[in-house]
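Any read-out appearing in this document is the output of simple, stated calculations on the displayed coordinates, not a laboratory observation. A quick note: this is a predicted structure, and the numbers were derived from the prediction, not measured. No Cβ is skipped: glycine too gets one built from the backbone with ideal geometry, and neighbour counts run over all protein chains shown.
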Amino acid sequence: MKRELTVIVGGVATPGVRIEPASAAVGAHTLTPYRANARWTRVWLRPAAPFAVPAGPPEPTLRLSFNTPQGTVSGTRRLGTVPSLLEREGL
């Protein structure tokens, strides 16, 4: 999720970035962007070293951080035992 913008100052168009993924964390393990598709709708994150996701309780969480012109924005979601798509569909 990398969104670009163009700011016009004094008649000059300057490209910039509105929001881009900076990092993610699972517990004490940090992941950084490794690859992304052309539109940045899919981003692969890579840890510095392999690790196993800790088992709950409590359920482990994934904390995502994004860079914006105003600073860093972050959010958290839980990492369940099954993919969230399966939970949403009730499978």
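Remark: relative contact order (segment 19-89) = 30 percent; criterion is Cα-Cα distance under 8 angstrom and separation of 6 or more residues. Hey, if you put +1 on the Cβ of every Lys and Arg and -1 on every Asp and Glu Cβ in segment 9-91, which of Pro15, Gly56, Thr30 ends up farthest toward the positive end of that dipole? My answer, from the dipole projection, is Pro15. When each of the peptides 38-47, 8-17, 57-66 is scored by how many other beta carbons lie within 10 Å of its residues on average, the order from highest to lowest is 57-66, 38-47, 8-17.
Residues within the reach of a label modelled at Val43 (point 7 angstrom out along Cα to beta-carbon, backbone nitrogen below 16 Å), restricted to segment 1-30, are 1-5, 17-26, 30.
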